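Peer 1: Can you keep this structure in mind? I'll have questions shortly.
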Amino acid sequence: MTTLAKNTICLWYDNDAEEAARFYTETFPDSSIKAVHRAPGDYPAGKEGDVLTVEFTVLGVACLGMNGGPGVKHSEAFSFQLATEDQQETDRYWSAIVGNGGQEVECGWCKDKWGISWQITPVALTQAYTSTDRAAAKRAFNAMMTMKKIDIAAIEAAFRG
């Protein structure tokens with residue numbers, strides 16, 4: 001029997017928790033699948049022997065993927081926020097999520113093909129909009145509001161004025 005973390009994010013999937021966990025662990029560092037658990041009996045969304053839950057980590061965060069069926073949909077009320085160091089890392093994660101059946105949203109947000117929201121947030125953006133120079137912060141923030149994937153050079157240029 002495995003021991004779950006004291007606080008674990010539980011993500012509901014239709015029937016593809018294992019596929020999602022494999023994608024996340026192949027895409028992000030410090031990510032791994034800890035265990036795959038099969039249903040000991042039939043349940044509303046599946047049969048005995050089907051994958052019921054998957055224990056995994058995403059960037060060190062404990063998660064449990066549950067194959068609960070099509071009854072629950074994800075919303076932007078929950079998202080993973082990834083702090084990226086540069087444009088290359090921002091582009092890599094954005095492309096991995098959007099290019100694998102996901103979709104672009106806005107302001108650095110995208111959704112993966114399972115409907116989970118991700119904020120691909122460069123550290124430069126956070127530093128800009130939290131700056132004590134509120135006029136510069138506003139310029140950077142306004143620039144971000146026009147973007148889907150964040151363009152760090154454009155954020156820095158807006159910050160400088």
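The values are calculated or read from the model by the stated rules, or taken from the named source; none is laboratory data. This one's a predicted model, so the numbers in the text were calculated from it and none came from an experiment. Please note: Cβ atoms are built from the backbone with ideal geometry, for glycine as well, and neighbour counts cover all protein chains shown. For accessibility, only protein heavy atoms count, side chains too; no ligands or nucleic acids. Shrake-Rupley method; radii C 1.70, N 1.55, O 1.52, S 1.80 Å.
Peer 1: So Gln103 ticks every box in (1) within 20 Å of Thr8 (Cα to Cα); (2) at pLDDT 95 or above; (3) within 14 Å of the chain's Cα centre (by Cα); (4) not small (Gly, Ala, Ser) but one. Which box is left unticked?
Peer 2: The failed condition is (1).
Peer 1: Could you list, ordered by first residue, the pairs with Cβ atoms under 7 Å in which the first is in segment 131-155 and farther than 13 Å from Glu106 by Cα and touching a residue at least 40 places away in the same chain (Cβ under 8 Å) and the second is assigned to a helix (DSSP H, G or I) and open to solvent by less than 80 Å² (accessible area, probe 1.4 Å), at least 6 apart or interchain?
Peer 2: Every condition considered, the pairs that remain are Ile152/Gln87; Ile152/Thr90; Ile152/Ala124.
Peer 1: Filter segment 22-72 for residues that are open to solvent by less than 30 Å² (accessible area, probe 1.4 Å), farther than 18 Å from Ile116 by Cα and touching an Asp or Glu at 6+ places or on another chain (Cβ under 7 Å) and give the result.
Peer 2: Result: Ala35, Ala39, Gly41, Val51.
Peer 1: A follow-up question, please. Can you pull out every residue in segment 130-151 that is open to solvent by 80 Å² or more (accessible area, probe 1.4 Å) and within 19 Å of Arg92 (Cβ to Cβ)?
Peer 2: Residue satisfying the conditions is Lys148 alone.
Peer 1: State which residue is farthest from Glu26 (Cα to Cα) when the search covers only segment 73-129 and only residues that are out of contact with any Lys or Arg (no Cβ under 9 Å at 6 or more places or on another chain), open to solvent by less than 20 Å² (accessible area, probe 1.4 Å) and aliphatic (A, V, I, L, M).
Peer 2: Ranking the candidates gives Leu125 first.
Peer 1: If you don't mind, there's one more thing I want to ask. Condition test on Ala154, is it farther than 18 Å from Ser95 by Cα and open to solvent by less than 30 Å² (accessible area, probe 1.4 Å)?
Peer 2: No, not satisfied.
Peer 1: Looking at segment 95-115, can you tell me whether even one residue there is part of a helix (DSSP H, G or I) and without any contact (Cβ under 8 Å) to a residue 60 or more places away in the chain?
Peer 2: yes
Peer 1: Name the pairs whose Cβ atoms lie under 9 Å apart, with the first residue in segment 45-65 and modelled with pLDDT of 95 or more, the second aromatic (Phe, Trp, Tyr) and exposed (fewer than 15 other Cβ atoms within 10 Å of the Cβ), and 6 or more positions between them or separate chains?
Peer 2: Every condition considered, the pairs that remain are Asp50/Tyr43; Leu52/Tyr43.
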